[in-house]
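Have a look at the structure below before the remarks.
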Amino acid sequence: MKKTFIYLGIFAIFAIISCQKKSEGFLETNKASYSTDSLVVKHISTLDTSFAEDPNWQLYLSWGYSEDQLYAWGLSPYEYGEDYFRNLNGQPWVSLSIEGILGTQPIFLEIESVTSLNGDASIFLQYAEIFGDGTVEIPFEHNIPPGRYVISINVKNVADEQIIYDAFTVIIEDEPVAP
């Protein structure tokens, strides 16, 4: 009988200990950062949308290469400006994703705050968007005033919620002044 009470006591202690609520998951953001921590958004009037024939195309053809071979090598009969396709397709300005966030999935990110000394943060927030991998997107067509905008990010999951202050900078360029 004495052994039965001892076994019941031990069982009761284990039952009480096992009924304790355990924390779910973890979240670590102390090493979170962007490999490129800024994004420069050009003014629409400064985009390089040039389009011209590639002078080397005819040279390659004269050396006996076929057009199919040149296309297979990734060559084109035209040279395009740096922003030609962005302008043509209305592609948004997109940052790289954030690195160094560890934790139990799903992890949610949102813009916590935006600070700017020479811009309008409230207008910036109307256009800026952050995705689950931390990429920041600014639409091609926007009305964000020129300036430097510093973004702080709120990271949360089932375990915790943490803020990464001054995580990313977006620079909206001004329209160039004519001389």
So, with points 7 Å from each Cα along the Cβ direction, the residue 126-residue 85 label distance in nm works out to 3.2 nm
With a cut-off of at most 13 other beta carbons within 10 Å, and DSSP calling the residue loop, which GluC sites (Glu not before Pro) in the range 102-179 qualify? Please list them.
141
I'd like the carbon and sulfur percentage of the solvent accessible area for the range 24-179, probe radius 1.4 Å, heavy atoms only, ligands and nucleic acids excluded.
49 percent
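Which net charge results when you count Lys and Arg as +1 and Asp and Glu as -1 among the other residues whose beta-carbon is under 14 Å from that of residue 126?
Working: positive: none; negative: 120, 129, 137, 141.
Cβ neighbours under 14 Å give a net charge of -4.
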Rg and Dmax in Å for the chain, alpha carbons only: what are they?
27.8, 104
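Which value, in Å³ per residue, describes the convex hull spanned by the Cα atoms of the range 66-117? Each step should come with its number before you reach the end.
Working: hull volume 11.4 nm³, N = 52.
For the range 66-117, the hull spanned by Cα atoms encloses 219 Å³ per residue.
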Chymotrypsin sites (Phe, Trp or Tyr not before Pro), loop per DSSP, at most 13 other Cβ atoms within 10 Å - longest free stretch of the chain:
74-130
Using a 1.4 Å probe, what is the accessible area per residue for the chain, in Å²?
68 Å²
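The values are calculated or read from the model by the stated rules, or taken from the named source; none is laboratory data. Here the structure is a predicted model, which is why all the values come from computation and not from measurement. Quick reminder, even Gly has a Cβ in these numbers, built from the backbone with ideal geometry, and neighbours come from all protein chains shown. Quick note on the areas: whole protein, heavy atoms, side chains included, nothing else; ligands and nucleic acids left out. Shrake-Rupley method; radii C 1.70, N 1.55, O 1.52, S 1.80 Å.
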